[in-house]
Amino acid sequence: MLYFVRRAGFFLATLWAAVTLNFLIPRLQPGDPAQAMLNRLQGETTAVNPAQLEAIRKLLGTPDGNLLSQYWDYLGAICTGHFGVSYSYFPYTVTAMISSALPWTLILVGVTQMLSFAIGTLLGAWAAYRRNSRVDSVITLGSTFVGTLPFFWLALLLIFVFAITLNWFPDGGGYGGGSSPSWTWLFVSDAFQHSVLPAVALLITGPIGWIIGMRNNMVQTLGEDYARLARAKGLPRRRIALTYGARIAILPNVTGFAIALGSLLGGTVLVETIFNYPGLGRLLLEAVSNKDYPLMQALFLFTTIGVLTANFLADVTYGFLDPRVRRAEAV
Amino acid sequence: MTTTPETIDTEALRVTALDADASSRLPGWFVILWRNGKCRVGMLMLAAFIVIAVLAPVIAPYGPRLDEFGASEGPSAAHWLGTTARGEDVFSQLIYGARTSLIVGLVAGVLSTLIAMAVGLTAGYLRGVVDEVLSFFINLGLVVPVLPLMIVLAGYAPVKGLGLIIIVITVTGWAYGARIKRAQIITLRTRDYITAAKFAGDSTARIIAFEIVPNMISLIVVGFMGAALGAIGAEAGLAFLGLGDPQTVSWGTMLNQASLGGALTTGQWAWLVAPGLALALLITSFTLMNFGIDALSNPHLRED
Amino acid sequence: MALLEVRDLSVTYSPRDSAAVRAVDRVSFEVHDGEFVGLLGESGCGKSTLGNAVLRLLDRPAAITGGTIRFDGQDVTTTPEDDLRSLRWVDLSTVFQSSMNSLNPVITVRRQFADTFEAHSDALGNDLDVDARATELLEMVSLDRSVLSRFPHELSGGMKQRVALALALALEPRFVLLDEPTTGLDVVVQRDILDRLRVLQARLGFAVLFISHDLGTVMELADRVMVMYAGEIVEDQPAAEMVTRHLHPYSAGLLGSYADPRDQVVEVEFIPGRPPDLSQPHAGCLFQPRCPVAVDACRTVHPELLPASLGQVRCLLVEQSGDARVVLEKAAELRRRDQVFAAGLSERADAEPVLVVDGVSKVYKTRRGLNTTLTQAVDDVSFALRPGQVTALVGQSGSGKTTIARILTGVERPTAGSVRFKDEPVDHLGRGALRKYRRHVQLVFQDPFSALNPTRTVAYALSRPLRNHLGLTGAEARARAAELLETVGLSPADQYLDKLPHQLSGGQRQRVVIARALAPEPEVVVADEPISMLDVSIRAEIIALLDQLVRDRGIAMLYITHDLLSARLLADEVMVLNQGVMVERGPTLDVIAEAKDPYTRKLLAAIPRPGARDIA
Ligand SMILES: Nc1ncnc2c1ncn2[C@@H]1O[C@H](COP(=O)(O)OP(=O)(O)O)[C@@H](O)[C@H]1O
Ligand code: SF4
Ligand SMILES: [Mg+2]
């Protein structure tokens, strides 16, 4: 029980830290951040409209406002869901922008990451089960080789080969030009077509960490005394591999999954940018290049909260999987 | 790669290195790495990259930003890998790009290893409240989505340049190393020889520096290589996203310009393939070395 | 026909990066139905390897490189794994050396039983009531059925080992291999489990191969004892015969390291040297470099295992002489000169105490979640340490011995009471004062493998206290370090100064640890179980060294142990600790001979008495 309380505590604390970090980052620059930002905006676009000015002031406070009261206002705004208005997509609110991009990312990342984890764990377990065999070398060497290929470069090659040269798939976007998002068969199949290449790009490199991790863990668990004892007990080899090897070896991978979620999102930003996919990652990059600070801030906060939540869920799952943690009095 | 830190026998590895030290004029760590086939190949590859980076002005036929050639040309005798949309020589850029990657890898790798050591060693050795607080930051650093954070930091930065990229990568990349070092020091500090050193009158600083750190060398090296690798990848990624300094010649900016400059549609495969392949080879060299060290320090993974 | 028949079995480790080791070399033996056979030998002599070979559990880089194993007439040397399964556990089960890790950590004890039954459902039928049978088995090893629903991490070491034993008996096997099944457990717990084992063996009638380096236990439990040295069986005799009329000089050495601490005069022997490197070829007798009665022929002729007395022996001398006893008596005589340590009755005058512990208590606060629990680790303990004398502190694990050591050395502060060193209070020292105090109080550790930094040379380890406490540097420090090594019997010192710990044997390391403790010329030395991790054959050697140092240098020593024999050998005074309370205290022989406290009696009862079975 204590384990879950502690994980929940950590979740809340990191949540607070992320919110605060989000507050602090724009204020790290010397001088009045709002003024600095205005100067920069003015340097590029000719005029700053009053709504933008208002938004910036809201985001970063007036020069004479004190930091603590700004922080207080900021927390209030977040709790009530007021993230302000986007500069670049004026007059849309930041919240509207995010909620239209969110499903795309959620589906693409959710599906590919689950699949990566499953594929990786299975392949890793298989390699460990057939340790030192040809299967093992093919899996280990193959995944190591693929793991060294830069991910975004692979994605570019995919477009080059399958979209431009072979013309099998569209070369980018979330759906075809004419249509607009709706739950019709036509649209869904079109969206699926568009998501194949990004998904493949994510799936080529996604499982690698899990393969290597699972293989190494399982090679180790199969070498432990309890696995040897299981052999002495006359348990079938497959049974030992499952309940004594894989069952225990998967545990570190689950925590690993929790921890890796944050960096997984990096891949999404790249893939969405390359494939021009209408998700959060591309939105973030656009916000950055358009100096759309409210959108940028809110996106960072959103992704962080998403990752923290997923991380918390993975931790909870881990607690259920590992009795040593679940049933321990203190962690 | 993902090995559980608990299983790494860094003490034994250090001992092997000391043994090798005694039996050879070369440094012990070099000897044991050299003995491992994978490590050896990795080290040779890395050495080649270093030579290329150092001798870039000699090797490259043109300046990397010299744009007086025909735009978007395919490979030819004068331009082995063709030219960019701006009329620069792709091959020369490729050579100079090695410099950027290696500098970023080295500097960001060293910096984040230092931070990781400072945080990990302090947390692991002092325990108690200090540990609780530092561990919180380590865990926070681990779960925060790194690339979005990098992007936001880069987005706010007033000037773009290699220095900024290095700082951003360092700030976001130390946590994993710190976590592993903390775990290792927690194991090592319970050794009786640490108590013995206290009884011999040694100070805490000396105990950490002379009794503990030497036993963690392999972990530190692996951590450094991991950090350097991460930094090289992150630089390429950021540059590819257009967040780097467009004036810096790097494999990431090359890919960015290739994709913006229409390499995909004009069929300039060399422009597209070469930087990625170079990056892949550099990463391969690190991976091979890591494999070797892993095999040496993790008895379970030894091939027999 | 024998149940287990091993013929000329050889096992070789062929690691990739070092030379091949012939760990088991042409070993032949038999185990009959219902027989209890002990297998003795120092660590590293190939016992576990042999056991794993018999179980067909060898993994790369180890492999059977010759010979046959027959079980119940069937040759199982090369039987494929799948065909072995029907034999495993039904006929042949095992308890591993380390109980800590032999249960699957993520399934309950019930499931560990259930999957054993499931794997053999063809032999057992499907209608077996797992809970009922498992409960019955647990009761056999004195465990409650509530254990069934627990996970391994919720059990103590002793409980885990009982579960392992119950599991081993689950299918009523005909043969059980026990590889040091109680090593690492508390003595009293060990005793309990072994007594249980003996009773069950008598009742169920399975045959046992019992591997151990603890010969007292083996002698007491086994019908027949085999002694292994450097991968070979060197002697094989009925247990009673082995106790009284062993023939091989190695067996004699091993047996000599045992004695009854209640005797008026207690003598123990040790075997100097260490086992040979099995990756090198050897001509002649493998024991020759350590053998006190070796003759010239021993260097060139390799002896065979030949019938002698009621069993078999591998020794040229026994082979040649008609009456082996005469030879061995001569050997005993030779050994006595320098390889024996004897404790008589100590009659030392009381000196002024250097360290006085007065009414010391320690309460630990442990926070478990929201509730804080208080643990009384030490409760109102008083004693004094005097120069030139050894005070033994005896007690079960968890009884507070180490806490007392920590308080004494200033690592921990007492909750109540005081510690005075030459009339200076030392129980609440600050950082600087503590460092000064430690010049006078030093520690000798239990585990010689953890007490020396694996990456620092012997010279470095010794130079630190010399520099910090005595201000010696450079050549001066090195000269003093060499002196210290000579003092602890590592001579010539030059050979050892620049060695790394892994280049030394366990005994040599422990000597270095002792030398380091002596470096600052301390008045008080606390030795925390300094011999418990060492092989029985060299324990007496270290005891002798400690004894000599204490007497020669007038050191006051606190000797912490759970082993009454070593306490008897070394200590002038014994204190028995039970749950933080000092329950008994007095001159060693008095406490041991007339133990009053039940715990002390239990400890005494736990000491194996070789040959006791035949007498009883
Ligand atoms: N994995 C291994 N690789 C190489 N040699 C080994 C390995 N395991 C054990 N040995 C060697 O085999 C010999 C016998 O070891 P072991 O059977 O464990 O002895 P015991 O059980 O009597 O202590 C020793 O010399 C040891 O060094
Ligand atoms: S053969 Fe020789 S060296 Fe070997 S045990 Fe017998 S007497 Fe000693
Ligand atoms: Mg053993």
Handout entry: Spin-label proximity, C:R150 to the stretch C:190-232 - amide N less than 20 Å from point 7 Å beyond Cα toward beta carbon
Key = C:190-197
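Once you keep just the Cα pairs under 8 angstrom separated by 6 or more residues, what percentage relative contact order results for chain B?
Dividing the mean separation by the residue count of chain B yields 28 percent.
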Fill in the blank from the handout: Place a point 7 Å from the Cα of C:S43 in the direction of its beta carbon; the residues of the stretch A:222-236 whose amide N falls under 20 Å from it are A:224-226
Exercise for the section: With a Förster radius of 41 Å, plug the Cβ-Cβ distance of C:T68 and B:R40 into 1/(1 + (r/R0)^6) and report the FRET value to the nearest 0.05. Expected result: 0.45
Practice task
Could you sort B:170-177, C:204-211 so that the peptide with the highest average Cβ count within 10 Å comes first and the rest follow in order?
Solution key: B:170-177, C:204-211
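Taking each residue in C:462-469, count the Cβ atoms of any other chain within 10 Å of its Cβ, then average. What number comes out?
Counting other chains' Cβ atoms within 10 Å and averaging over C:462-469 gives 4.
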Practice task
Determine, for C:T372, B:T16, the number of other Cβ atoms within 10 Å of each Cβ, and report the residues in order from fewest to most.
Solution key: C:T372, B:T16
Completion exercise
For C:L472, the net charge from surrounding residues (Cβ-Cβ under 10 Å; K, R +1; D, E -1) works out to +2
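At a threshold of 8 angstrom on Cα-Cα distance, excluding pairs fewer than six apart, so keeping six or more, what relative contact order does the stretch C:4-222 reach in percent?
RCO, the stretch C:4-222: 28 percent.
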Practice task
Please work out the FRET efficiency for the pair B:V159 and B:R65, using the Cβ-Cβ distance as r and a Förster radius of 30 Å; give the result to the nearest 0.05.
Solution key: 0.95
Practice task
For an R0 of 56 angstrom, estimate the FRET efficiency from the Cβ-Cβ distance between C:K499 and C:L124 and round to the nearest 0.05.
Solution key: 0.50
Fill in the blank from the handout: Output field shielding_mean for B:151-161 (other chain Cβ, 10 Å radius) holds 6
Problem - Cβ-based exposure ranking for C:L221, C:L393, in which fewest neighbours within 10 Å come first - result: C:L221, C:L393
Completion exercise
Scan of chain B for GluC sites (Glu not before Pro) in DSSP loops with at most 12 other beta-carbon atoms within 10 Å gives a longest site-free stretch of B:69-302
Exercise for the section: Pop a pseudo-label 7 angstrom from the Cα along the beta-carbon direction at both A:A8 and A:Y92 and give the gap in nm to one decimal. Expected result: 3.7
Practice task
State which entries of B:K181/C:K362; B:K38/B:K181; C:K365/C:K422; C:K365/C:K401; B:K181/C:K401; C:K362/C:K596 exceed 23 angstrom in Cα-Cα distance in the structure shown.
Solution key: B:K181/C:K362; B:K38/B:K181; C:K365/C:K422; B:K181/C:K401; C:K362/C:K596
Exercise for the section: Using the number of other C-beta atoms within 10 angstrom as an exposure proxy, rank B:K198, C:K499 with the fewest first. Expected result: C:K499, B:K198
Practice task
In nm, give the distance between the simple-model label positions of C:N371 and C:S28, each being 7 Å from the Cα along the Cα-to-Cβ direction.
Solution key: 6.5
Practice task
Mind checking C:446-457 for the average number of partner chain beta-carbons within 10 Å of each residue's beta-carbon?
Solution key: 6
Exercise for the section: Measure off 7 Å from each Cα along the Cα-to-Cβ vector at B:L114 and B:A48, then give the distance between these two points in nanometres to one decimal. Expected result: 3.2
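Every read-out reported here was derived from the displayed coordinates using simple, explicitly stated rules and does not represent laboratory data. Quick caveat, the model's predicted, so the values are computed rather than measured. Cβ coordinates were reconstructed from backbone atoms using ideal geometry, including for glycine residues, and neighbour counts include every protein chain displayed.
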